[in-house]
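K.L.:
The following block contains the structure, expressed as structure tokens.
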Ligand SMILES: [Zn+2]
């Protein structure tokens, strides 16, 4: 459906509608902050490029009648007044920072769709009952300062402001100094009950929507992650003089574990399992490998699924031999979004006549942190060839327009509740 048809449909229903052409103009206008020769964007968090796009965002929102507030980690909150100022705000947003040689859509689409909703409300002199806040979360990407999703993490209380301020990049510049350098260390303070709901529109960053020709992904949650390190100790031996029956080959044992990880994921759909790192010692053509290190990443939308995958991995490691050790080094619990907010997104997509399907996010998002304190959901739109964190990242004007309109209609539905 074209942006024009969208507007015509909305006119029939006598409600304002977002303007896909105007949203696309904003996507083009903001891609100049950190633009690369190959049509991508390099806009690392808290750099001059980030300051440029933040200044643009603040100026646009102020011109639309928003009050703009900035908190201690540099999150930006642009709030459009509602009829009942005593009600908590409905919030939407995402992030303006990118990866090095990133794309024009990852993150910023969710912020610009919020701006487009503000433009739509302002142009039609529409007031919602609730205030509407459009948020830019600081440092979602985590490529300059680790961890990722820092601003939303501080907001949700997963990370203290002091600890975040002290983190440094490779040059030794702290988050605190970088915030001051671009003038975005604010003083605003919010309590966890600030928002009635949070919805984040984002590109899918994967191939599923495009492959199934589905227009909208109704995101029901974010899958959980568990990381394991495995060390396998065999016996280094001469590749020519050691008979096959008398070998204790660490790499052969590792190969069995690699295949087991694949099979475990296949047996626990929609789980995924990856061995992305292998280190072989001594790594020499004519020596039977004496040691191997493997790094394993396993993901599943449910805690039970993760438990089953981990138990199966422990079995596989036990069967691989005595010198094999497994260490569970890190995990992130699955996030299940609020059913009522998810339902508002699903209903909005259906009412607009878009094809929609429930999906679980494979990647982390700010919404995962916000979900711990606010009823939250996400909307996905397709990514061409599933590409993201890539200069070739692309989502068409029509796809962006659909996402923004689903966002707007979901906001209207939540506002009526
Ligand atoms: Zn993102």
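K.L.:
Once you have a ≥ b ≥ c as the square roots of the Cα gyration tensor eigenvalues for segment 167-258, tell me rounded if a/c is under 1.5, and otherwise prolate or oblate according to whether a/b is larger than b/c.
P.N.:
Here segment 167-258 falls in the oblate category.
K.L.:
Quick one: what does P(r) look like for segment 224-332 with 10 Å bins over all Cα pairs, in whole %?
P.N.:
In order of increasing distance, the bins hold 15, 45, 26, 11, 2 percent.
K.L.:
Now, a different point. Can you give the extra length, in nm with one decimal, that the chain gains between residue 332 and residue 246 once fully stretched, where that is 0.36 nm per residue apart less the Cα-Cα distance?
P.N.:
Values: separation 86, 0.36 × 86 = 30.96 nm, distance 4.16 nm.
Fully extending the segment from residue 332 to residue 246 adds 26.8 nm.
K.L.:
Let me ask you something else. Using per-residue counts of other Cβ atoms within 10 Å, averaged over each peptide, order 20-30, 234-244 from highest down. Could you put the intermediate results ahead of the total?
P.N.:
Working: 20-30: 18.1, 234-244: 12.1.
Going from most to least packed, we get 20-30, 234-244.
K.L.:
Further question on the same structure: With a Förster radius of 35 Å, plug the Cβ-Cβ distance of residue 170 and residue 255 into 1/(1 + (r/R0)^6) and report the FRET value to the nearest 0.05.
P.N.:
The pair residue 170/residue 255 has a calculated efficiency of 0.50.
K.L.:
For the chain, rounded, prolate or oblate, judged on the Cα gyration tensor with a ≥ b ≥ c (square roots of eigenvalues), a/c < 1.5 rounded, else prolate if a/b > b/c?
P.N.:
Numbers: a/c = 2.26, a/b = 1.86, b/c = 1.21.
Since a/c reaches 1.5 and a/b is larger than b/c, the shape of the chain is classed as prolate.
K.L.:
Moving on. For residue 325 and residue 180, what does the FRET efficiency come to when R0 = 56 Å and r is the distance between their Cβ atoms, rounded to the nearest 0.05? Mind dumping the intermediate values first?
P.N.:
Details: r = 46 Å, r/R0 = 0.81.
Rounded to the nearest 0.05, the efficiency is 0.80.
K.L.:
Now, a different point. Pick from 147, 382, 289: which residue has the top mean-square fluctuation in a GNM of the chain where Cα pairs under 10 Å get a spring?
P.N.:
Looking only at 147, 382, 289, the biggest GNM fluctuation is shown by 289.
K.L.:
Quick check: residue separation of residue 238 and residue 277 times 0.36 nm, minus the Cα distance between them. What number comes out in nm? Don't skip to the end; give the middle numbers.
P.N.:
On the way: separation 39, 0.36 × 39 = 14.04 nm, distance 2.53 nm.
Extending this stretch completely gives an extra 11.5 nm.
K.L.:
Does segment 1-144 come out rounded, prolate or oblate, given a ≥ b ≥ c as the square roots of the eigenvalues of its C-alpha gyration tensor, rounded meaning a/c under 1.5 and, failing that, prolate meaning a/b above b/c?
P.N.:
Details: a/c = 2.50, a/b = 1.35, b/c = 1.86.
Here segment 1-144 falls in the oblate category.
K.L.:
For helix 108-123, what angle does its Cα long axis make with the longest principal axis of the chain, in degrees from 0 to 90 and rounded to 10?
P.N.:
It works out to around 10 degrees.
K.L.:
Nearest 10 degrees, 0 to 90: what angle lies between the long axis of helix 20-30 and the longest principal axis of the chain (Cα atoms)?
P.N.:
That works out to roughly 60 degrees.
K.L.:
By how many degrees, between 0 and 90 and to the nearest 10, does the Cα long axis of helix 303-319 differ from the longest principal axis of the chain?
P.N.:
Once rounded, the angle reads 10 degrees.
K.L.:
Right, next: Taking a spot 7 Å from the Cα of residue 68 along the direction of its beta carbon, which residues of segment 134-170 have an amide N less than 16 Å from it?
P.N.:
The answer is 134-138, whose backbone nitrogens lie closer than 16 Å to the label point.
K.L.:
Also: What fraction of the Cα pairs in segment 19-84, stated in percent, has a spacing above 15 angstrom? Could the numbers behind the result be given before it?
P.N.:
On the way: 1325 of 2145 pairs.
Of the Cα pairs, 62 percent sit more than 15 Å apart.
K.L.:
For residue 287, put the label point 7 Å out on the Cα→Cβ axis and report which residues of segment 227-259 keep their amide N under 14 Å from it.
P.N.:
Correct set: 234-240, 250-251.
K.L.:
Once R0 is set to 22 Å, what does the formula 1/(1 + (r/R0)^6) return for the Cβ-Cβ distance between residue 212 and residue 347, expressed as a FRET efficiency to the nearest 0.05? Walk me through the intermediate numbers first.
P.N.:
Numbers: r = 20 Å, r/R0 = 0.92.
Rounded to the nearest 0.05, the efficiency is 0.60.
K.L.:
Within segment 184-207, list the residues whose amide N lies under 18 Å from a label point set 7 Å along Cα→Cβ of residue 340.
P.N.:
192-200
Here, each number is a calculation from the coordinates, and none is a lab measurement. Note that the coordinates shown come from a computational prediction; the quantities given were computed from them, not determined experimentally. As a convention, Cβ positions derive from the backbone with ideal geometry for all residues, glycine included, and neighbour counts pool all protein chains shown.
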